[in-house]
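I have a structure I would like to understand better, so I am pasting it below and will then ask my questions one at a time.
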Amino acid sequence: MPKALRLTQVERKEISDAKMLEAAVDLIVERGAGLVTLKDVGEKAGYSRGLAGYRFGNREGLFDFVLRSVGDEWLGELTQVTASSFGYQAIAAALDAHIKFCEDAPKHVEAFYRLWFDSMAPDSQLKAVILGIHQRRRGDVISWIDQAVAAGEVPATVNAGMLADHFTASVSGIVYHWMTDPDNLDEMRNLHEALKQVMHSMLRG
């Protein structure tokens, strides 16, 4: 019988992180972030009750991990679909990728936005993480518009910052609306398509 390959410490950490991410996402969606404990995450992931506490320190560390992990998943998708585009093409591609991400990983999206909305609490320690994610999203849209202006595809009179604010607020609002009725993906698709039309109109100046 061939000898089983031994995993490196890095590989074991990657596996345990992936399992704890899925466990945390499931528990956030099932219970709400306020009722999730590190002990429950570790046990649900199939590890000792103390591993999550050792890895993340506290619940804020765990939620930071979830936000960054899901955010990185989405950033990978976004970078791939917008790599060679700008202006309306990039915005439309981003919205198409976003609805697909919601369809393919609905629990990840829901857990991410539950933590996002919970971060509005006055004592939340996640505000800095959320602000960084928001600024990155806004910056991407501004960059796409600025490139389109430079290429002569969008009038220079278009206010890139205002349009980026409209885009990011609309996407968050669409997800919030979807979370009230998560089985209604058709409506979510329609709202994404409607936002594409609004963006196309606004880019015309």
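The values are calculated or read from the model by the stated rules, or taken from the named source; none is laboratory data. This is a predicted model, so every value here is computed, not measured. With ideal geometry, Cβ positions are generated from the backbone for all residues, glycine too; neighbour counts draw on all protein chains shown. What goes into the accessible areas is simple: the full protein's heavy atoms, side chains included, and nothing from ligands, DNA or RNA. Shrake-Rupley method; radii C 1.70, N 1.55, O 1.52, S 1.80 Å.
Filter region 82-92 for residues that are surrounded by 19 or more Cβ atoms within 10 Å (Cβ to Cβ) and of a type in the set (A, V, I, L, M, F, W, C); which is farthest from the chain's Cα centre (by Cα)?
Ranking the qualifying residues of region 82-92, first place goes to 86.
Okay, next question. Has region 56-64 got any residue that is among the aliphatic types (A, V, I, L, M) and assigned to a loop (DSSP other than H, G, I, E, B)?
no
Answer yes if at least one residue in region 20-35 is more than 22 Å from the chain's Cα centre (by Cα) and not assigned by the TED database to the domain that holds residue 127, and no otherwise.
No, that holds for no residue.
Taking only region 194-205 into account, find how many residues are touching a residue at least 60 places away in the same chain (Cβ under 8 Å) and either under 14 Å from residue 95 (Cα atoms) or loosely packed, with under 12 Cβ neighbours inside 10 Å (or both).
So the answer is 4.
Taking region 102-155 on its own, how many of its residues are under 20 Å from residue 175 (Cα atoms) and of a type in the set (A, V, I, L, M)?
12
Looking only at region 12-27, decide whether some residue is assigned to a helix (DSSP H, G or I), without any contact (Cβ under 8 Å) to a residue 40 or more places away in the chain, open to solvent by less than 30 Å² (accessible area, probe 1.4 Å) and in contact with an Asp or Glu (Cβ under 7 Å, 6 or more places away or on another chain).
Yes.
State all residues of region 147-179 that are without any contact (Cβ under 8 Å) to a residue 40 or more places away in the chain, open to solvent by 50 Å² or more (accessible area, probe 1.4 Å) and more than 18 Å from the chain's Cα centre (by Cα); if no residue qualifies, say none.
Selection gives 150, 152, 156, 159, 162.
A further question on this structure: With the requirement that a residue be closer than 13 Å to residue 141 by Cα and in a helix (DSSP H, G or I), what does region 76-91 give you?
78, 79, 82, 87, 88, 89, 90, 91
Sticking with this structure for a sec: Could you say whether any residue in region 121-136 is assigned to a helix (DSSP H, G or I) and more than 28 Å from residue 25 (Cβ to Cβ)?
no
Taking region 147-162, which residues are closer than 16 Å to residue 92 by Cα and either among the acidic types (Asp, Glu) or outside any helix (DSSP H, G or I) (or both)?
If the condition is that a residue be closer than 16 Å to residue 92 by Cα and either among the acidic types (Asp, Glu) or outside any helix (DSSP H, G or I) (or both), then 153, 154 are the ones that fit.
Take residue 52 and decide whether it is within 26 Å of residue 198 (Cβ to Cβ), open to solvent by less than 30 Å² (accessible area, probe 1.4 Å) and in contact with a helix residue (DSSP H, G or I) (Cβ under 9 Å, 6 or more places away or on another chain).
Considered against the rule, which asks whether it is within 26 Å of residue 198 (Cβ to Cβ), open to solvent by less than 30 Å² (accessible area, probe 1.4 Å) and in contact with a helix residue (DSSP H, G or I) (Cβ under 9 Å, 6 or more places away or on another chain), residue 52 comes out as no.
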